[in-house]
Amino acid sequence: MSCPREGAAATPLPPPVRPVLEVAWRFRTARRSQLGGDWHDVVPLPGCRFAVIVGDVTGTAALMTRLRGLAQTLARRGLPPGELLERLSWESVTDDGAALATCLCALVDASAQRAVIGSAGHPQPVLALANGQAVVVSVALGPPLGLASSWPWATVTVGLPPGSTLALYTDGLLATRSRALDQGILDLCRALSATTALPVQAACDGVVSMLDAGREDDTTLVLARVPATVSPFAGGPAMTSACSR
């Protein structure tokens with residue numbers, strides 16, 4: 001860039017672009033592939049909003065593919081989590097020989113620093129604050145997808161303070177033959193607390209390593225972090241992936 005001529009007005013440079021949401025994920029398939037069925041998506045929406053979705057299907061790969069595609073479409077239409085889950089369940093129950101599927105959907109509003117969350121039989125998310133405190137977000141568990149074609153899936157709104165990290169995951173991250181799901185959630189809270197100061201992708205990798213479940217089932221972890229400082233000129237989400245098989 002050349003310097004401005006003497007006497008000419010210098011055009012101020014825009015402030016550096018900072019992401020409004022930092023997202024990282026980690027996915028590992030089960031050693032016994034027939035147990036698999038995890039899927040996840042992060043869908044950017046207008047107004048600094050993002051649909052963060054994690055699902056787990058015990059059944060056909062075709063059903064998982066269809067549910068994931070439908071979830072993307074419904075999220076892009078701006079459906080709130082409760083309505084999105086209802087539509088997904090209707091799609092599951094009309095499938096021949098409907099399989100069991102769970103899903104957690106979080107509509108994250110990064111500018112308002114809050115998320116609306118709904119669950120269809122899926123493990124509850126965990127919120128890790130910037131000070132290292134980690135808490136389980138109490139979300140009413142609706143029935144798994146496919147068990148009811150019409151159900152009033154309740155949602156909860158949770159605040160996302162600057163520097164906080166919302167963790168969505170599948171039960172394969174936590175539950176093993178030697179570790180119950182409840183104990184796994186406690187271990188997840190400890191792991192998130194221990195990695196709060198790390199960059200979001202390093203935190204994601206660290207949590208998965210700490211909770212290594214032996215890959216008895218598919219393992220999915222998605223972290224969505226509100227930066228400690230959000231610029232009013234912020235760009236989109238900074239997304240990095242580390243997917244291993």
Using 7 Å Cα-to-Cβ label points, what is the Ala130/Arg190 separation (nm, one decimal)? 2.7 nm
Say each of Leu198 and Ser111 gets a label point 7 Å from the Cα, pointing the same way as Cα to Cβ; how far apart are those two points in nm? 3.3 nm
At R0 = 41 Å the Cβ-Cβ FRET efficiency linking Leu100 and Thr229, nearest 0.05, sits at 0.45
Amide H contacts of Asp217 (H built 1.01 Å from N, under 5 Å, at least 5 apart or other chain): Arg31
Output ³J(HN,Hα) for region 168-175: one whole-Hz value per residue in order, computed from phi by the Karplus curve 6.51 cos²θ - 1.76 cosθ + 1.60 with θ = phi - 60°, and x for Gly and Pro. 10, 7, 10, 5, x, 6, 10, 8
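Read-outs: derived from the displayed coordinates by stated rules, not from any lab. Just so it is clear, the model here is predicted, and its values are computed rather than measured. Neighbour counts are summed over all protein chains in view; Cβ atoms, including those assigned to glycine, are modelled from backbone coordinates with ideal geometry.
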